[in-house]
Amino acid sequence: MSITRDEVAHLAKLSRLALTEDELDHFAGQLDVIIGAVARVQEVAAAGIPPTTHAAELVNVFRDDVVQAPLDAQAALSQAPAAEQDRFRVPRILTEE
Amino acid sequence: MTTTAIKPVPFDLATSKYEPVIGLETHVELGTVTKMFCGTPVTFGAEPNSAVCPVCLGLPGSLPVINKTAIEYTIKIGLALNCSIASWCRFARKNYFYPDMPKNFQISQYDEPLCTDGWLEVEVDGHEFTIGIERVHLEEDTGKSMHVGGATGRIHGADYSLVDYNRAGIPLVEIVTKPIPGTAALAPAVARAYVAELRDLLRSLDVSDVRMEQGSLRCDVNTSIAPIGSPDWGTRTETKNVNSLRSIERAVRSEVERQAGVLDAGGRIVQETRHFQEDTGATTSGRSKEEAQDYRYFPEPDLVPMAPAREWVEEIRASLPELPAARRVRLQAQWGLSDLDMTALRNADALDLVAETVAAGAPAGPARNWWLEELSRRANDAGIELAALAISPAQVARIIELVEQGQLNNKLARVVVDGVLAGEGSPDEVVASRNLAVVTDTSVLAAAVDEAIAANPDIAAKIADGKIAAAGALVGVVMKATKGQADAASVRELILQRCGAGN
Amino acid sequence: MTGNYQKAEGAGGAGGRPPAGDAALTTMTAAQMAKAVADGELSAVELAQAHLDRIELTDVAVRAFLHVAPEAALAAARKVDEERAAGKPLGPLAGVPLVLKDVFTTKDMPTTCGSKILAGWQPPYDSTITKRLRHAGIVILGKSNMDEFAMGSSTENSAFGPSRNPWDLKLIPGGSSGGSSAAVAAYQAPLGIGTDTGGSIRQPAAVCGLVGTKPTYGGNSRYGVVAFASSLDTPGPLARTVLDAALLHEVMSGHDPADSTSLDAPVPPVVAAARNADVAGLTIGVVSELSGEGYETGVLTRFNETVELLESLGAKVQEVSCPHFTYALPAYYLIAPSECSSNLARFDAMRYGLRIGDDGEASAEDVMSMTRAVGFGAEVKRRIMLGTYALSSGYYDAYYGKAQQVRTLIVRDFDQAFEQVDVLVSPTTPTTAFPIGERADDPMAMYLADLCTIPSDLAGNAAISVPCGVAPENGLPVGFQVMAPVLADDRLYRVAAAIETALDQRRGYPLLTQARGLDQIADVTEAGR
């Protein structure tokens, strides 16, 4: 067993996915199999091998501090599920960050 | 938790038993023209969501590109704080969900900050403290939420929130100190002095407008206490968004008092985020670190690593301006001011104003006096900062010049300040429009003096008998008659002359 | 000559009935269409209309499109005709219709990524590639179906239902760019654009009998491509001929300052290479690890024959071992989900897209969770949770960290191989097209479709899939994969053109005319009349 149902429930919470009990059962089984399979990477990745995070070997890609035209507020808000006073309206926030 | 019910221990008592350790995380919005990862202009007070683009709005498909000036500014800050500059480092994603964060991750730096391991010296009450700098890194700011319904403006109990993303993506430098032990009862003052010194430093570097009241400089304060002599430091709390120098001092103070109360009552400090309440000066409990999120940092795959060339770093180092500490030493010597004067100038935030006034041609003494006394009083009355007064250092220098030249006396000069502050124009314009120039026409003065002597023959007689001190009374009469526009010294001289004294 | 097919009717009855619609126009190659438009023999509007008609007739069966844009397409075509009339110089593909995978943002069309969570989203900006296509006078017919957020190998993960393989409508067209492959194979468009993260261009090309290229990572802009896995996602062309793919490759590629991972290097001379179908003197390495168990006999038969063909054309062939390729699949299924778990966090119901459960009482957190639960399909949820797991503080080193080390080992395998050979070859995918539904709820089985394509994604080098005939046992197309070093994309086209030319000559007619599903399309559409 590489992952428990409780762990999957925690992952769902972290990922902001309100899963049903049935989904949790289903995914727990599948993720257990997948994690068991992908754990094979641990067989060969020995210490001293540097990680590759980028396929392209680039460094120092910068832009100059020069203005480009922004979107107008109308375009920014046009796809909002809800808007009010030129702002995005969102449901109440429970926790302070 | 029941800690809120426990009584805080008064500060002096608390620090007689416990040793505080503080630490500060300061966020500074950089004064770049555009945002961190897109060409959208950085604005303050613009219409909501008018300074946004697909990138800073986190729209699907958009990609970040690093603003080179933001990197340059960060390196500048790092160098000014005596840090090492990374030869290779990356941005990372800090993953957490929050409505003011358009991508639900923040592009930040994790284990590879641009600048590490520096220091900044501060002085409190004649004691020098070397504050260790852990790291200086770069990240992007979030949007701003407005909470609607419930208690006004508060997040708790609100019905919903309205988000403006103009601020999202503005480059934000985070400056983190190492833990600062050994400050004892000076802990609050050291915290304040550090932020003040840092603010002056950033201002001198011209990388940010460092306006705490506008949120371009924001502080989180870490505080822990442990019994004096204990080998361990206590559990720390993090007080978020403490946004004035005074609040920083109060936040440390109240947190030391609160924690001492908890420990005295046999309780234990919970590692948590706390919020400073401006109205009460106390902190309240926020999110507990025990239920804290797992941020799942990983290298930002949409950006490539940065490897600042050594030559570039040296170029930036060579371009550093004179830093505030060195400048203060130089100015104090040049101006011939005492330590006390210098401290007063710093506390009043008047150092730059005096320096600019002197630069505009005024002698240091009068410049100091005007800003610390008359103008400080005006600012205080108006409830604004000294620098926010509607009078420029150059205008103050001109007023001082007019006084030195005898064209204004101090009383008239104050009236000129009234006029300038009222928006009536330059000092010279106010002098002209209010007809404030000192009366220098000797025939007019002579007439007024003769009139005064004629009206007060007994005083005139005393003066003639050599009681020169009596002249003061006649000066007053003449000044009144000339509506204060005469030069008192000249009037006195004339009176003595006409009464035949001093010959 | 490569890619210079005669019109399908001229190919002579080998594939049964000619497809419905104005076949004279829709079966031309893109190169032929561009030339006809440039020469004034054909208007871009006529071409666009012929393809729009074809889509209307056939897409009820093929279901390649999520959005058809007749007005925008005809307007773009008119513009090309006007420019030609005004004597303005036209680009090499001006007036040629194209279908764009629904993962590229388009100002004038919705962009859904095959997801309910983005249903109806109208982006306020064009992707860089969208802009380049428009600038080149290419006529965008609409947006094609795809596995949700490009996660899948069959289009079955599309929230809007699967597309069908024109070779047999009961089969998958591959994925995730399966809408584009189905459309091009069904003559709804001569050109398609896809994205390849683990094989999402090459595998659909293989199972639909098309040419599909994953260019060098960074050769094509990702700006405006809704991200699945940022360090892997690579836009690329799909076409019926090698030359057509090369022409599109050249138009869409090149440095983009809006994408920090874009390479500031000249586009490799792919069109010249596609016209130079000559492999004499080239050293070709057959990857020993990409063969054997799990590969269909027919796939291996056609693959081996093609290797022999290349040898007969003057190439030197040798076997090359890339020992870490067997770890590519597990590494990919850690790296891609990790990046996707972060990339897809932005779909939270706050600024755009679907919002579920906002009843005035529910909190932002709850609305986010409900919306994502309803708006994402099962595969997306699986990968988000898998990636969240792999990046979690206690597991990062054991999973994500190790996977990145494996990535290094794979890069080294390629480096060593390319010291010995000019290109590497393998089957594109272990099997031919499988039936819709067969692997739908067996993620591990589905993941095997990407076995051969993933190494090049992890290393960021270039790879192509070119048809090498049909499997003897089921008559379905087999893809031949060629892999080349970073920025040596031209080598792909040289080899692919040699294969295409030789096989076309041997066969005597285009491979696609054997697609039996085209008959079914005619049946379906005739039945519908």
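Read-outs: derived from the displayed coordinates by stated rules, not from any lab. As the structure is a computational prediction, the values presented were derived from the model and not from experiment. Cβ: placed from backbone, ideal geometry, glycine included. Neighbour counts: every protein chain shown.
Structure values in brief
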read-out: Length-normalised contact order of chain A in % [C-alpha pairs under 8 Å, at least 6 apart]; value: 19
read-out: 10 Å beta-carbon shell around C:Glu379, net charge (K/R +1, D/E -1); value: -1
read-out: Whole-angstrom gap from the range B:256-284 to the range A:51-91, using each part's C-alpha centre; value: 39
read-out: Charge sum, other residues only, whose C-beta stays under 13 Å from C:Cys452's C-beta, Lys/Arg counted +1 and Asp/Glu -1; value: -3
read-out: ³J(HN,Hα), Karplus 6.51/-1.76/1.60, whole Hz, each residue of the range B:349-360, x for Gly, Pro; value: 6, 10, 4, 5, 5, 5, 4, 5, 5, 5, 4, 7
read-out: Estimated FRET transfer efficiency when R0 is 60 angstrom, pair B:Lys480-B:Gln214 (beta carbons, to 0.05); value: 0.80
read-out: Helix A:5-14 vs. chain A, principal-axis angle (Cα, 0 to 90°, nearest 10); value: 20
read-out: Residue-span extension gain [B:His156 to B:Glu123] - 0.36 nm each, minus C-alpha spacing; value: 7.9 nm
read-out: Amide H partners (placed H, <5 Å) of B:Asn222, local residues excluded; value: B:Gly23, B:Leu24, B:Glu25, B:Thr239
read-out: Rg and Dmax [Cα atoms of chain C; Å; Rg one decimal, Dmax integer]; value: 21.6, 73
read-out: Neighbourhood net charge (14 Å Cβ-Cβ; Lys/Arg +1, Asp/Glu -1) for B:Ala461; value: +1
read-out: Pairwise label distance in nanometres, B:Glu429 with B:Lys7, each label 7 Å out on the Cα-Cβ vector; value: 6.1
read-out: Expected 222 nm ellipticity per residue - DSSP helices of 4 or more, -39500 (n - 2.57), all of chain B, to 500; value: -11000 deg cm²/dmol
read-out: Footprinting exposure proxy for B:Thr74, C:Thr501, B:Thr26 (fewest neighbouring C-beta atoms within 10 Å first); value: C:Thr501, B:Thr26, B:Thr74
read-out: Value of D in µm² per second that Stokes-Einstein yields for the range B:45-149, Kirkwood Rh from Cα pairs, at 10 °C (1.306 mPa s); value: 97
read-out: Cβ crowding within 10 Å averaged over residues, with C:139-145, C:76-82, B:441-447 ranked highest first; value: C:139-145, C:76-82, B:441-447
read-out: 31 Å Cα-Cα threshold exceeded, pairs from C:Lys170/C:Lys214; C:Lys381/C:Lys402; B:Lys240/C:Lys107; C:Lys88/C:Lys116; C:Lys214/C:Lys316; value: B:Lys240/C:Lys107; C:Lys88/C:Lys116
read-out: Integer Hz, Karplus 6.51/-1.76/1.60 couplings in order for the range C:45-55, x for Gly and Pro; value: 5, 4, 4, 4, 5, 4, 6, 5, 5, 4, 4
read-out: Contour excess over end-to-end distance, with Cα ends at B:Met146 and B:Asn241 and 0.36 nm allotted per residue; value: 32.6 nm
read-out: Debye-sum result for the range C:217-367 in log10 I(q)/I(0), which assumes one identical scatterer on each alpha carbon, at q = 0.13, 0.18 Å⁻¹; value: -0.94, -1.30
read-out: Test item: Cα-centred dipole of the range B:192-328, Lys/Arg +1 and Asp/Glu -1 on Cβ, debye; value: 380
read-out: Cα Rg, Dmax, the range B:201-252, angstrom units; value: 14.8, 43
read-out: Label zone at B:Gln334 (point 7 Å along Cα-to-Cβ), backbone N below 20 Å, the range B:390-411; value: B:392-401
read-out: Table column - 3J(HN,Hα) (Hz), the range C:470-476, Karplus curve with 6.51, -1.76, 1.60, x for Gly and Pro; value: 10, 5, x, 6, 9, x, 9
read-out: About the Cα centre, charge dipole magnitude for chain B (Lys/Arg +1, Asp/Glu -1 at Cβ), debye; value: 480
read-out: Compactness of the protein assembly as shown - radius of gyration and Dmax, Cα, Å; value: 37.8, 140
read-out: Net dipole in debye of the protein assembly as shown [+1 Lys, Arg Cβ; -1 Asp, Glu Cβ; about Cα centre; nearest 20]; value: 740
read-out: Spin-label zone in the range B:107-136 - amide nitrogen under 12 Å from a point set 7 Å from the Cα of B:Trp312 along the C-beta vector; value: none
read-out: Two-site label geometry, B:Gln277 and C:Glu308: point separation in nm, points 7 Å out along Cα→Cβ; value: 8.6
read-out: Ranked C:Phe149, C:Phe104, criterion: other C-beta atoms within 10 Å, fewest first; value: C:Phe104, C:Phe149
read-out: Whichever aspartates and glutamates have a C-alpha closer than 18 Å to that of B:Lys7, once near sequence neighbours (fewer than 8 apart) are set aside; value: B:Glu255, B:Glu257, B:Asp264
read-out: Paramagnetic reach from B:Ala489 in the range B:451-480 [backbone N under 15 Å; point 7 Å along Cα→Cβ]; value: none
read-out: Inverse of mean 1/r across different Cα pairs in chain B, Kirkwood, Å; value: 26.8
read-out: Calculated log₁₀ intensity ratio I(q)/I(0) where the Debye formula runs over C-alpha points of the range B:124-163, q = 0.33, 0.34 Å⁻¹; value: -1.03, -1.06
read-out: Rg over Rh [alpha-carbon atoms, Kirkwood Rh] for the range B:401-503; value: 1.07
read-out: Global geometry of the range C:163-281, whether rounded, prolate or oblate, following the gyration tensor of its Cα atoms and the 1.5 cut on a/c; value: oblate
read-out: At most 15 other Cβ within 10 Å, DSSP loop - trypsin sites (Lys or Arg not before Pro), the range B:187-258; value: B:Arg211
read-out: Relative contact order of chain C, pairs being alpha-carbon contacts under 8 Å that are 6 or more residues apart, as %; value: 19
read-out: Cα centroid of the range C:27-73 to Cα centroid of the range C:411-463, whole Å; value: 32
read-out: Gyration tensor verdict on the range B:222-369 (Cα atoms; rounded if a/c is under 1.5, prolate if a/b is larger than b/c, oblate otherwise); value: oblate
read-out: Fraction in percent of alpha-carbon pairs per bin - 10 Å, chain A; value: 11, 18, 20, 28, 21, 2
read-out: Computed FRET value (nearest 0.05) for C:Leu300 with C:Glu438, which takes r as the C-beta separation and R₀ as 25 Å; value: 0.75
read-out: Mean projection area, nm², convex hull over Cα of the range B:341-417; value: 4.5
read-out: Calculated FRET efficiency for the pair C:Ala272/C:Glu419, C-beta based, R₀ 25 Å, to 0.05; value: 0.50
